[in-house]
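Comments concern the structure below.
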Amino acid sequence: MVDDDSSRVTGDITPSTVPIVPNISSRRLHVIITGLWLCLFLSALDTTIVTTALIKISSDFGALEQAAWLITAYLLTYNCKTHPPQLHHRTNDTAFLMITAKLSDIWGLKSLLLLCASIFLVFSMACGGAQTMTQLIVLRAFQGIGGSGLYSLTFVAIMKMIVPEKIGFYSGIVSSVFALANLLGPLLGGIIADRTTWRWIFFMKYARCRLLRRAS
C-alpha cells in the first residue's frame, strides 16, 4: 500500500508539469526586463516616428508619391503588430512567433535576440545613408525584419524566464511600450526633422542598440 501511494505521488509530478524557469535573482530579472522593454520600444517606435517626417524625406528625394511606402514597407515585414502575441489571433502572426521560438531553441534565445538587434541596427544605419527613395523603402523592409524579431523574441523571453503566475504582470509592463511609442514617435520624428535632418531618425538608434548589446 505504501509503495502504491508513493508511486502514485511521484507519478503525478512529472517534468512536463513542473515549470522550467531559470534561477536568476530579482535584480538581474529586472535588468533583463528593462533591456527587453527597450528592445520592444525601439522596434515599435519605428512604426510611428517616420510619419511626421514623411514630407521632408520625400521632398529631399523628389518622390512625394512614394512617401506612404516608407511606413508600409516597415509594417509589411513587421507584420503590422500592435498588440502582444497572446492577444493576437491572426494565423500569420502566430506562425511567425512559432518559427522564431523554434529558432531560439536551436540557436539560443540570447544569440537570436542579438542577431535581430544587429539586423535592426545595420539596416537602420543604412536607412540613414540611403541616397534614393527606392533604396530607403527597400532598407526599411529589411529593418522591419529585425524589428519583428525583437518583438517576437521579447515575449518569448518573458514566457521562458517568468513563472506562469507572473507572466501577465510582466507582459503588461513590457506592452506599455506601444502606448509610449505611439505618443513619442510622431513628436520625436517632427522635432528631429525640423531641428536637424531626418537622417538622425535612423542614426540615433546606434547608441541605443550599442547600449542594449552591452547590457546583454
Note to self: Quick check: residue separation of N23 and M204 times 0.36 nm, minus the Cα distance between them. What number comes out in nm?
What the structure shows: 61.6 nm
Notebook entry, point to check: With labels modelled as points extended 7 Å from the Cα through the Cβ direction, what inter-label distance (nm, one decimal) is found for T132 paired with F169?
Noted result: 5.4
Note to self: What is the distance in Å between the Cα centroid of the stretch 38-65 and that of the stretch 119-167?
What the structure shows: 15
Next item on the list: Calculate one ³J(HN,Hα) per residue across the stretch 63-73 by plugging θ = phi - 60° into the Karplus curve 6.51 cos²θ - 1.76 cosθ + 1.60, and present them in order as whole Hz with x for glycine and proline.
Entry: 9, 5, 5, 9, 4, 4, 5, 5, 8, 5, 4
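Values quoted throughout were computed directly from the atomic coordinates according to the rules given, and no laboratory measurement underlies them. Just so we're clear, the structure is a prediction, and the values are computed from it rather than from any experiment. Cβ sites come from the backbone with ideal geometry, for glycine too, and all protein chains shown count toward neighbours.
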